[in-house]
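Scroll down for the structure; my scribbles are underneath it.
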Amino acid sequence: MFPVILQDFRAMTKRRILLGFMTLALLYIGYLVYLLVLSPKSNLQSIYLIPKDAVFVIESEKPVKSWKKIREGDAWSHLLKNNYFAELTSNIQQVDTVFSDQQRVFEFLDNRSLFISIHMISPKDYGVFYVLDLKRIAKLKLLKTYLNTLLNENYTLSKRQYHDHEILEIYDRQSKKTISLSFIKNQMIASYTHSLVEAAIDQYEEPVLGRNLNFIAINEKVGFENLFRLYVQYNHLDDYINAFSDRPGDWVDRISENFLFSGFHFDLDKNNTLIANGYTNISNTNESYLEALQKSGTAKRSIPNIAPKRTALYVSYGFDSFTRFYENFKQVQQDNPKQFEEYQIGIEKLEKFLKINIEEHFISWIGDEIALLQIESQITKGRNDMALVLKTDDIEKARINLGFILDQIRKKTPVKFKTVSYKQHEINFLSIKGFFKILLGNRFKELDKPYFTLVDDYVIFSNDPNTLKSIINDIIAKNTLSTSLDFKDFTKGFKKKSSLFVYSNVPVLYNNMYALADGKTKSQMRKNKDFIICFPQVGLQMTPEDDVFQSRLIIDYQNVDEVKTRVQFKETSVKGSAQNQEVNETIFRLRPIYPNDLTAKRFIKKYANGAVQFEVELKDGLKHGRYTAYYPDGSEKMTGRFRKDIQVGTWRYFDKDGKPLLRKKF
C-alpha cells in the first residue's frame, strides 16, 4: 500500500514541477509578447540622434547586404589599394573588421535601419557616427549583454556614465583605438570619436537635423534605396572640402551658400557605375539665379554639338526660353530690394552709356540653353581655357544686334579693334568691362571684355581669342562632345532635357588641375592619379519639381588601364633640338602661334633664359611681315616673311656661325 502511495506522490510532484516550468515558460513568453508586441511604443527615430553638424548622412534598410555589394565591387577593391583612400575610410574598415568574423552579428544587423554620418571634428579631420535601430529587441538588452562574449582577447570593454546614460568603450589593443557605444531607447549609437556619441546624447530630446523643415522636405521625397540613401547638408560641405584642399575654389563657397540639402537613393549596376536619383532644395535667401532657373522650365541640350572633346567641364543651363528666365531672374531679385536696386542701376548705366536696350539688343535673340565650358588648353600648359556659349533663336538676329552693340562701343570707347577672320569665322571684341557680371551676376564675372565669334546657331565668348580659334578648329575637325562615343553612351543615363546639367571628363580635368598645381600638390596628384581617373565621367542633372530640383547623379567606373588608352593619356614624345636633327625642308614647317592681343603689331617668344627665340610681325592677329628666329646666344637661325599667315618669298636657315645651310622659296 505504502509503495503505491509513494509512487502516486512522486508522479504528482513531477506533474507539479512540470506544470510549474510550463507556467514560468508561459509567463516568460507572455512577457516577451508584451515587450515585443503589446507594450507601448516609445521608439526614437534614428535621425534624431545624428549630431546637427553632419556633412553627409548615409541610410540603409539592409546594411549588411548593401555593404557586401559595395566591398565586393571592382571600384572599392581598386580604391583600397590607395593609401590615401584607405586612410580616409579607416573608420568604416575598423567597424567591418570587428564584425567581419561574427556572422551571427551580421545576420542580426541586417533588415535593421542603419545610419552613418560624417562630421568635421577638426579643420583637417572628420569623424564617423553610427546609429542602428534595434527596434523592440532593444528591450531585451541581449546585444548589450552579448558584447563580452563577442570580444576576444584583443579587446577590452569598459563603462562610464555621461549625463545619466551609460557609454561602453571597446579598446582595440592592436590599433590602440577606442569605439564608444551607447543605447538610447531602441537605438544603438557608436563612434570612434567619443564627442559624437556625447553630442547625440545631449541633443536627442531636442533634435536639430531631424526636425529641420528643409531636410524633412527632401527626406520625404527620396524613394526607397536599392543600395543606400545619401543626404548632403551643404552648410557644412565647405568645411569638409577645405580639409582636403589648401586652395579650394570659389565654387565651394558658392555651393555651400546656394544649396540646402540633397537626398539620393543609390544603386550599383553590373558595370560598377554608381547611379543616384534624388532631390535638392536651394537657399532662396542667397541664390536668385537658381530660384529663377527653377521657375523657367527645361531644355534639350545641344551645345555638345560645338563643345570640344577636350572639354573638362560642361555646365549647361536650360529653360523654356532665355527671355522667360531673364524675367524670372529680375522678379526673384526684387525679394532683395537692395540687390535689385544695385542690379537696375548697373543695367541703366550700361544702357545709357552705350545707348542700347539690353533686352532688345541682347536678351531677345538668346535661345533655350547657355553653357560654361572649361577646356584643356592646346596652347599653354598651366592654364584653363574658359568659354561661354549662348544658343540663339535666330543667328542672323544675333549677328545684327551684336553688330549694333559693337558700333556703339566704337563710338564710345577708344578701343580700335578690327574684326579678324579665322577660317571663315569672324572674331570680334566686346570691349565692355564687366558686361556679363552686370547682366547675370558674379557667376559670369570671369568673362571680362571677351572676344566672341558666331558658329552655326551659337555665339561663343572667351577672354582669349585663341580659345575661340581652337574651338573653331575642333568644330571643323568634328572633334566635339557630340561625336564622342564615350560621352554619348554616358549621357544615355540622363533625361535629354534639364534645367542644370554638369558633366566632367575627369582625366581631362585632372590634366588641367595638374598643370595649375604647385610642386607639393603635383606630387600628391601623381601618386593618386590612378585612383582619380578610374572614374572617368561624372554627371549631375537637375530638373524642377514643385519647389525643389529632382536630381540624378551618375559616376562611371572603368578599369584604370582602359582609361589610360584614351587619347588624353598618350604621351607625346619630345623631339630633339634642331641642331641634332637632319637639316632638310621640314625645318621650315613652323608651329602656329597664338597671340592673346589681336591688335598687337608683333609677337615675340623667348627662351627660358629670357633670350628671344623668335619674333614675327602681325596684322589683325595673323602673321604678316618679317619673321626671325634666333639661337640662345642671339645669332640668327631662320629668316623669312609671311603674308596673311602664309609663308611667302625666300626662307633661309643658318648655323650658329651664320653660315647658310638651307633655303626654300615659297
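What is the stretch 583-644 by shape, rounded, prolate or oblate, if you read a ≥ b ≥ c off the alpha carbon gyration tensor as root eigenvalues and call it rounded for a/c under 1.5, prolate for a/b larger than b/c, and oblate otherwise?
Numbers: a/c = 2.03, a/b = 1.28, b/c = 1.59.
Cα axes put the stretch 583-644 in the oblate bin.
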ask   = Measuring from label point to label point, each 7 Å out along Cα→Cβ, what is the LYS52 to THR178 span in nm?
value = 2.7
note = Expected vector for the stretch 203-218, Karplus 3J(HN,Hα) from phi with 6.51, -1.76, 1.60 and θ = phi - 60°, integer Hz, x for Gly and Pro, equals 10, 5, 7, 10, x, 9, 4, x, 10, 5, 4, 5, 5, 4, 4, 6
query = Given H placed 1.01 Å from N in the peptide plane, which residues other than close sequence neighbours of ILE184 have an amide H under 5 Å from its amide H?
reply = ILE189
message = Using 0.36 nm times the number of residues separating GLN344 and VAL502, minus their current alpha carbon distance, what extension gain do you get?
response = 53.9 nm
message = What does the C-alpha gyration tensor say about the overall shape of the stretch 471-514? Classify as rounded when a/c is under 1.5, otherwise prolate if a/b is larger than b/c, or oblate.
response = oblate
message = Among the listed pairs LYS411/LYS437; LYS124/LYS495; LYS412/LYS606, which have their C-alpha atoms separated by more than 28 angstrom in this model?
response = LYS124/LYS495; LYS412/LYS606
query = Once the Cβ-Cβ distance between ASP655 and LYS352 is put in as r, and R0 is 56 Å, what FRET efficiency do you end up with, to the nearest 0.05?
reply = 0.35
ask   = What FRET efficiency, computed as 1/(1 + (r/R0)^6) with R0 = 30 Å and r the Cβ-Cβ distance, is obtained for SER635 and LYS522, rounded to the nearest 0.05?
value = 0.25
remark   = Taking a crude spin-label model, label points 7 Å out from Cα along the C-beta direction, the GLU396 to TYR162 distance in nm is 7.4
Over 24 Å between alpha carbons, listed pairs LYS469/LYS497; LYS295/LYS355; LYS469/LYS605; LYS221/LYS391; LYS469/LYS664; LYS270/LYS492 = LYS469/LYS497; LYS295/LYS355; LYS221/LYS391; LYS469/LYS664
note = Filtered hits (lysines, Cα-Cα < 21 Å from LYS135, offset >= 8 within chain) -> LYS41, LYS62, LYS65, LYS144, LYS185
query = Straight-line reach from LYS520: which aspartates and glutamates have a Cα under 14 Å away, not including same-chain ones fewer than 8 places off?
reply = ASP246
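What does the extension gain come out to for ASP547 and LYS412, with contour length at 0.36 nm per residue minus their alpha carbon separation?
On the way: separation 135, 0.36 × 135 = 48.60 nm, distance 4.46 nm.
Value of the extension gain: 44.1 nm.
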request  = Pop a pseudo-label 7 angstrom from the Cα along the beta-carbon direction at both LYS564 and GLU205 and give the gap in nm to one decimal.
outcome  = 6.0
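Just so you know, all these numbers are worked out from the coordinates, no wet-lab data involved. Just so we're clear, the structure is a prediction, and the values are computed from it rather than from any experiment. Positions of Cβ are generated from backbone atoms using ideal geometry, with glycine treated the same way; all protein chains shown enter the neighbour counts.
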